1. With respect to Gly124, is the statement that it is at pLDDT 95 or above and within 22 Å of Asp97 (Cα to Cα) true?
2. Output the number of the condition that Ala44 fails; it satisfies all remaining conditions of (1) out of contact with any Cys (no Cβ under 7 Å at 6 or more places or on another chain); (2) in contact (Cβ under 8 Å) with a residue 60 or more places away in the chain.
3. Tell me which residues, restricted to segment 39-60, are of a type in the set (Val, Ile, Thr) and more than 18 Å from Val27 (Cα to Cα).
4. Answer yes if at least one residue in segment 75-90 is away from ligand 1 (no atom under 15 Å from the Cβ), surrounded by fewer than 20 Cβ atoms within 10 Å (Cβ to Cβ) and either over 15 Å from Gln4 (Cα atoms) or of a type in the set (Gly, Ala, Ser) (or both), and no otherwise.
5. Do we have any residue at all in segment 160-174 that's over 16 Å from Asp113 (Cα atoms) and modelled with pLDDT of 95 or more?
6. Sort out which residues of segment 23-40 are within 16 Å of ligand 2 (Cβ to nearest atom) and out of contact with any helix residue (DSSP H, G or I) (no Cβ under 7 Å at 6 or more places or on another chain), and write them in order of number.
7. Of (1) assigned to a helix (DSSP H, G or I); (2) in contact (Cβ under 8 Å) with a residue 60 or more places away in the chain; (3) under 28 Å from Thr9 (Cα atoms); (4) not β-branched (Val, Ile, Thr), Leu225 satisfies all except one. Which?
8. Can you tell me which residue within segment 197-222, out of those that are surrounded by 21 or more Cβ atoms within 10 Å (Cβ to Cβ) and in a helix (DSSP H, G or I), is farthest from ligand 2 (Cβ to nearest atom)?
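The values are calculated or read from the model by the stated rules, or taken from the named source; none is laboratory data. Bear in mind that the values here come from a model prediction, so they are computed numbers and not experimental data. When we count neighbours, we look across all protein chains shown, and the Cβ atoms used for this are built from the backbone with ideal geometry, even at glycine.
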Amino acid sequence: MRVQICTPTYIEAENIEEFLRRARAAVPDADILVLDDNSPDGTADIAERVGIELGQIDVLRRPEKRGLGAAYRAGFAIGIARGYDVICQVDADLSHDPEVLPDLIAAVAGDADLAIGSRYVPGGAIPHWPKRRLALSKYGNMYARFMLRTGVRDTSAGFRAYRADLLQAIDFSHTRAKGYGFQLETTYRVARVGARIVEIPITFTDRVRGYSKMSGSVIVEEMALMTWWGLRDRLRRKRSRA
Ligand SMILES: Nc1nc2c(ncn2[C@@H]2O[C@H](COP(=O)(O)OP(=O)(O)O)[C@@H](O)[C@H]2O)c(=O)[nH]1
Ligand SMILES: [Mg+2]
């Protein structure tokens, strides 16, 4: 099975080297693709240097900061074109423990179509998040599950392994979320095609170095998309009953 790991970066110079070393050790056979949006702190240069040393690591240098959704769309398209069987996504800030990657990949090598590293299933945890961030994420995910009817507890998680076939089946390249809403949009599409999703509990460690790029506009986009899709589905169900 050929595996690709997609890692988006924006201003992760302090984290990218340790991330790549740990990821390389955790999944020695996988190819890693760093998706950098022209970070002004030289993240891409570090990734390239470490990549040459460790092997099987590519860096896609994107011209400007365009948001997580756009970075993933580019990375997944490369993964599909290169014919990988499994395509993973993981953050570079070490919030996602690269050592969990083999478990996510194993789930997809089994009978899952999508494996999510989940903070909100039993055994999952976020030990260090401030109360406000925790509440936002927790209630945001409850709202997502209610609106989108995915059955998934951690819809906004960015730690995942996909069967490449599934990404094609959900037509990922035509998703529209610019930012973090990409996770919601893909989960929503996966649930609608009836694919098998498993959630594997993870401990999400708050980043020790660098800063979060989550912003108010990200939250507004997520809320707007979820509400729009959820209401549209309810309207459609009502019409089809009438
Ligand atoms: N390429 C790219 N990566 C991004 C962008 N925004 C965030 N990231 C990366 O996406 C991952 C998650 O972002 P982070 O700021 O840690 O979000 P948080 O964990 O929700 O606080 C990290 O690896 C970031 O460097 C972006 O606009 N473009
Ligand atoms: Mg983070």
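1. Values: at pLDDT 95 or above: yes; within 22 Å of Asp97 (Cα to Cα): yes.
So Gly124 passes the test.
2. (2)
3. Step one: filter segment 39-60 for residues of a type in the set (Val, Ile, Thr), giving 43, 46, 50, 52, 57, 59.
Thr43, Ile46, listed by residue number.
4. yes
5. Let us first name the residues in segment 160-174 that are over 16 Å from Asp113 (Cα atoms), namely 173-174.
Within this subset, residues satisfying the condition of being modelled with pLDDT of 95 or more are 173-174.
Taking every residue of segment 160-174 in turn, at least one turns out to be over 16 Å from Asp113 (Cα atoms) and modelled with pLDDT of 95 or more.
6. Applying the first criterion (within 16 Å of ligand 2 (Cβ to nearest atom)) to segment 23-40 yields 23, 34-37, 39.
Once the filter is applied, which keeps residues that are within 16 Å of ligand 2 (Cβ to nearest atom) and out of contact with any helix residue (DSSP H, G or I) (no Cβ under 7 Å at 6 or more places or on another chain), segment 23-40 yields only Ser39.
7. Going through the list (1) assigned to a helix (DSSP H, G or I); (2) in contact (Cβ under 8 Å) with a residue 60 or more places away in the chain; (3) under 28 Å from Thr9 (Cα atoms); (4) not β-branched (Val, Ile, Thr), Leu225 breaks only (2).
8. So the residue we want is Glu221.
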